[in-house]
Structures are given as C-alpha cells and as structure tokens.
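Please treat every number below as a calculation from the coordinates, not as lab data. Small disclaimer: the values here were computed from a predicted structure and weren't measured. Cβ: placed from backbone, ideal geometry, glycine included. Neighbour counts: every protein chain shown.
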Amino acid sequence: MDVHTAILGWLSWKPASGYDLKRVFSDSEIFYWSGNNNQVYKSLLELQKAGLVSYQVQQQANLPAKKIYSITETGRLELRRRLLDEPELPELQKSFLIQMAWAESLSDDEILALLEKYAGEVSDRLRICQAQAAQPGSTPERSAREGYIWKRITENLVATYQVELDWALETLAALRGKRYGTNWPGGGGDEQPC
C-alpha cells in the first residue's frame, strides 16, 4: 500500500491535519512508506485535487490556522477500490541479516556486541509496540469486527518483534557457547537462504 491509501484509510476513521498524519505515520509500525514526511503534505494536495479529500481551516489561538482534512464520498469509494487490490506479501528485507551474513571477518566479541545491540533495539521496539497497543483510542473501533482486526494487527506486530528477539537471543547464546558446528539444526548443508 502507498501513502495515499494510508491517508485515505486514516481519514476514513477520523479527520486529521497534515501534522497529525505525519505524527501517526512516524510513530506507527503499520503505516509506513519509504519517503519523507513532506510526502504527507504533497499527497494531501494530490488527494484534494482529485476530489478524494477536502479540508476546513481551523483557527487556533496564538498559532497559525491549520487545515483539517476529511475523506469525501469519492475518497471512500477510491479507498474501497484500493483495499480490494491483490494483497502484497510482506517485505522481509532485514539489513541486519546482511551484516550477520558477512560477519566472518569480525571477532567473536564484535559479533556478540552487534547481536547484543540488535537484541536491545528489537526489545525496545517490542516494548514500544506493546505500549502503543495498550493506549485506549489509539486505533479505530467503530465495530466489534474492526476492533478485532486492529487487535490482530497489533498481535501480528508484537509476534514479529518477539520472534526477532528470540532469534537474536538464541543466536547470542549459541555463539557464546560456541555451539555452531555442523550439528546445529539446519547447519552444515549446502542450502541457500530463502
């Protein structure tokens, strides 16, 4: 999914300013894209020109006025069309695995330090994801079905981080114990990674 779809989806739940959308996207594990935050404003302008969103100017005391965007009926139809697109498989590009794949030139201590740092960062992300999930009103729940779907999305993210943390800790333990011979499960063969 692209940023346009993410914006339309969020606005189908509740109106928001460009700043609010930037904050949601930067703090979220679900809403992401490879661009920068200026794309939010550019995308809002494109969506507005296409008649998919509209805005109202909201005056603020001692602050500049801000635009509050809402999805239009045409935007809802476009969102529905996009949601019916063919599902995309998850991207499993983990740059840390590239570091590990070619770590033979590093010392044992350097590899262990890398793994410890990675495990710490994954553990931090896991805690953040769990804390965000615990915040009331942080996800749409207009129906029991929607609440359930968002709960399952959060569980998916938490499980992903948990699996990654478990992998890092198991790898650390094996390397510390020098248990990396041909007897480890899946080791010693000529198999190529996925």
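Share of pairwise Cα-Cα distances greater than 24 Å in the chain is 55 percent (whole percent).
Between 0 and 90 degrees, the angle of helix 144-176 with respect to the longest Cα principal axis of the chain falls at about 20 degrees.
A 25 angstrom limit on the alpha carbon distance is what I want to check against. Which of Lys42/Lys66; Lys22/Lys66; Lys67/Lys151; Lys42/Lys117 exceed it? Could the numbers behind the result be given before it?
Numbers: Lys42/Lys66 15 Å; Lys22/Lys66 14 Å; Lys67/Lys151 30 Å; Lys42/Lys117 36 Å.
Result: Lys67/Lys151; Lys42/Lys117 exceed 25 Å.
In nm, to one decimal, how far is the Ser105 label point from the Asn156 one, both placed 7 Å along Cα→Cβ? Those two pseudo-labels are separated by 3.8 nm. Most tightly packed first, judged by the mean number of other beta-carbon atoms within 10 Å of their residues, the peptides 128-141, 55-68 read 128-141, 55-68.
Hull surface divided by four, with the convex hull built on the Cα atoms of segment 3-83: how many nm²?
Working: hull surface 21.9 nm².
Its average projected convex-hull area is 5.5 nm².
Residues whose amide H falls under 5 Å from that of Ser17, counting only those 5 or more places apart or on a different chain, are Tyr69, with hydrogens built in the peptide plane.
Using Cα-Cα distances under 8 Å and only pairs 6 or more residues apart, what relative contact order does the chain have, in percent? Intermediate results must be reported in sequence, preceding the final value.
Numbers: 140 pairs, mean separation 33.7, N = 194.
Relative CO of the chain lands at 17 percent.
Compared with the direct C-alpha span, the chain from Ser17 to Ile98 gains 25.3 nm at full extension, assuming 0.36 nm per residue.
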